[in-house]
Every structure is written in structure tokens, then in C-alpha cells.
Amino acid sequence: MSWVGSYLERLRRRVGHDLVLMPGAAVLVQHRDGRVLFVKRVDDGTWCHPGGHAEPGLGFAATAARELAEEAGISVEPEQLVPFASISEHPMHTITYANGDVTQCFTMWFLLADWDGDPHAVAIDDESTAIGWFAADELPDPIMAPTALAMELYDRFSQTGRFQAR
């Protein structure tokens, strides 16, 4: 969902630029060859996993599935997503936007390793300027700090099988 008409936009009209705590979800999409899907953000030019803020009535997995379809053209059922990490640490996942808005994100990260589709078929919209596959040892630059941390947490999850929380 674009910014216009979103829950966060409506909330911002009431609270202005003050700190807002916001739940959200992101998806680490893994290609069969091990590469990972990233999208390049319009607002700050950083690369990140497809994801975004929750809307009323949606849980983490449903938010992740919705954002994945919107940003990468991959349709999945929420049950196909495997939760592996949560990032909410301040200041790691606090974003100050160019207009002065401040948001501390509480993001659940999911893995999607079994899927079909062509993410390049998605039209670049008002949220993304590019989409691409990158090897885990050759991440795009600049990468959004929470996304870089999510890659580290995914590595730990892969090694231990334990959910990672920060």
C-alpha cells in the first residue's frame, strides 16, 4: 500500500512528526541459487527486503504477504512464510524521514524459500526504484541498516534453527 491513505498517513495527521511506534513485516526471499531479493527505496535510496508497515486488522504474516505481492509481485499464503527474526531496537530500527517524521519500527522478518513467480514483472512504483537479486556475500550498497542486521540474524537462524530477536 502506498503512503497516501495508509494507516500511518492518517496517524501522522494527528500526531505530526512525533515518534510513532509501528509494527511491520519484511520478507527475505531466497532464490533457488541462494541469492536474495532486494528492492531499492525511493525515499532514501537504500536497498532492503520487501516489506512495510501493518495496516489495521492484519497480523505480521498477512502484512508480509501483502507487502511481498505489492513490492515484488510474488503471491504467497501467509502460512508459506517462516518467521526467523524480529528487529525493534532503538536506534537500529528508528527512522527519521526527510520531512521530520520519526518512526520506531517493530518488524518481524520472514523467510520465503519455496515460491514461484517473476519479481522483475512488477512495475516500479512510488516506493521502489529498482529490484534485484544479490548474493549473501555481495549485498547491495547502500543497504538499510536493519536489513543488513536481518541478513546476519538469518545466518544465525540458519546455523541454530532458533528465532532471533533484537
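Nothing in this text is a laboratory measurement; each read-out follows from the coordinates by a stated rule. Only a predicted model underlies this, so the values are computations on that prediction, with no experimental measurement involved.
Over all pairs of different C-alpha atoms in the stretch 7-165, the reciprocal of the mean inverse distance, the Kirkwood hydrodynamic radius, equals 15.9 Å. Full extension of the chain segment joining Arg32 with Asp141 gains 37.0 nm, where the gain is 0.36 nm per residue of separation less the Cα-Cα distance. Normalised by the number of residues in the stretch 7-165, the average gap of Cα pairs under 8 Å and 6 or more apart makes the relative contact order 31 percent. Over the stretch 43-116, the fraction of Cα-Cα pairs per 10 Å bin, rounded to whole percents and listed from the shortest bin up, is 17, 48, 29, 5.
Of the beta bridges in the chain, as assigned by DSSP with both residues counted there, near 60 percent are antiparallel.
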